[in-house]
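Undergrad: I'd like to ask some things about the structure below.
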Amino acid sequence: MTECPECAARVDHHDKILGEVFPCRDCGTELEVAATEPFSVQPAPREAEDWGE
Ligand SMILES: [Zn+2]
């Protein structure tokens, strides 16, 4: 079982696919599936959002 890197909540990887981005159900951190065998996640990189000025 994999844990959320932010809050250590258990991450359910059922039906997750490589590269999928999903929010942690506990802390809401966006997580990206970094590998499936074995399953691991990393905080999803914050895409270059246009913050505007
Ligand atoms: Zn979390």
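Undergrad: Given H placed 1.01 Å from N in the peptide plane, which residues other than close sequence neighbours of residue 9 have an amide H under 5 Å from its amide H?
TA: Answer set, sorted by chain and number: 4.
Undergrad: Still on this structure, I have one more. Between residue 14 and residue 35, what length comes free when the chain is fully extended (0.36 nm per residue of separation minus the Cα-Cα distance, one decimal in nm)? Before the final figure, lay out each step's value.
TA: Working: separation 21, 0.36 × 21 = 7.56 nm, distance 1.33 nm.
Gain on stretching residue 14 to residue 35: 6.2 nm.
Undergrad: Extending each Cα 7 Å along its Cβ direction at residue 7 and residue 25, get the distance between those two points in nm, one decimal.
TA: Spacing of the two 7 Å Cα→Cβ label points: 1.2 nm.
Undergrad: Then there is this: Around residue 35, what is the net charge, scoring Lys/Arg as +1 and Asp/Glu as -1 over all other residues with Cβ under 14 Å from its Cβ?
TA: Taking every Cβ under 14 Å from that of residue 35, the sum is -2.
Undergrad: Out of every Cα pair in the chain, what percent are spaced more than 19 Å from each other?
TA: That fraction is 25 percent.
Just so you know, all these numbers are worked out from the coordinates, no wet-lab data involved. Everything numeric here is computed off the predicted structure, so don't read it as measured data. Glycine also receives a Cβ, built like all others from the backbone with ideal geometry; neighbour counts cover every protein chain displayed.
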